[in-house]
Amino acid sequence: MNKKVIDLLNEARSRELLAISQYMIEHYELEDKGFGKLGDEIKATAIVEMKHAEALGERILFLGGTPTTKPEGEAKKGLSIEEMLDINIKLEESAIKMYNDSAKACAEAGDMISKQLFESLLKDEEGHLDDFDTKKDRVKSMGDTYLVTLLD
């Protein structure tokens, strides 16, 4: 059992749990405000993050550790769409940096399976970041015209 690798995996799991909470709160709030299309897209992202948390938990168990159940922080509520996108972008940027660093640390520790896990998560996180960046750019450039397209 490599404690350093387990700690990295648990740190990533904690971050995924925060993203899940944040994205699901956004999904519910957007649905409630009539922005069902955007809410459904964010819910789909949350489901991918749930799969990430599960994969990290399984790896932690395999290595003899205990998967954390505590999110890294508290999800924020009552945000505007632009504020939601800003938070989501920060979450994804942070995850990308962390997963790159963690993949390198796992390689240095000789744990190539955990390294590969972090690398596979990176691909999804980069896609999420691109999606949130695109939506943010559209909100900035088109404003309400774009937001209308996100209504139910």
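The values are calculated or read from the model by the stated rules, or taken from the named source; none is laboratory data. Owing to the predicted nature of the structure, the values given are computational and were not obtained by experimental measurement. Don't worry about glycine lacking a Cβ; one is built from the backbone with ideal geometry, like all the others, and counts go over all protein chains shown.
Only residues that are without any contact (Cβ under 8 Å) to a residue 24 or more places away in the chain and of a type in the set (A, V, I, L, M) were counted across region 56-94, and they come to 1. Of all positions in region 115-133, none carries a residue that is surrounded by fewer than 13 Cβ atoms within 10 Å (Cβ to Cβ), among the charged types (D, E, K, R) and closer than 18 Å to LEU17 by Cβ.
For region 22-30, check the following and say yes or no: at least one residue is among the hydrophobic types (A, V, I, L, M, F, W, C) and either buried (at least 21 other Cβ atoms within 10 Å of the Cβ) or on the phi > 0 side of the Ramachandran plot (or both). Steps first, please.
Kept after step one, since they are among the hydrophobic types (A, V, I, L, M, F, W, C), are these residues of region 22-30: 24-25, 30.
Adding the requirement that they be either buried (at least 21 other Cβ atoms within 10 Å of the Cβ) or on the phi > 0 side of the Ramachandran plot (or both) leaves 30.
Yes, that holds for at least one residue.
Does at least one position in region 64-73 carry a residue that is on the phi > 0 side of the Ramachandran plot and either surrounded by fewer than 18 Cβ atoms within 10 Å (Cβ to Cβ) or more than 13 Å from the chain's Cα centre (by Cα) (or both)? So far as region 64-73 goes, yes, one or more of its residues are on the phi > 0 side of the Ramachandran plot and either surrounded by fewer than 18 Cβ atoms within 10 Å (Cβ to Cβ) or more than 13 Å from the chain's Cα centre (by Cα) (or both). Taking the condition among the hydrophobic types (A, V, I, L, M, F, W, C), without any contact (Cβ under 8 Å) to a residue 12 or more places away in the chain and either part of a helix (DSSP H, G or I) or buried (at least 20 other Cβ atoms within 10 Å of the Cβ) (or both), does ALA19 pass? So ALA19 does not fit the description; no.
For the criterion of being surrounded by fewer than 17 Cβ atoms within 10 Å (Cβ to Cβ) and modelled with pLDDT under 95, GLY78 fails. Looking at region 75-152, the helices (runs of 4 or more DSSP H) lying wholly inside it that each contain 2 or more residues that are of a type in the set (D, E, K, R) sit at 81-108, 112-142.
Within region 58-74, the set of residues being part of a helix (DSSP H, G or I) and more than 17 Å from GLU125 (Cβ to Cβ) comprises GLU58, ILE60, LEU61, PHE62. Checking each residue in region 1-39 for being of a type in the set (Lys, Arg) and under 16 Å from GLU74 (Cα atoms) picks out ARG13, ARG15. With respect to being touching a Lys or Arg at 6+ places or on another chain (Cβ under 9 Å), in a helix (DSSP H, G or I) and surrounded by 18 or more Cβ atoms within 10 Å (Cβ to Cβ), LEU8 falls outside the description.
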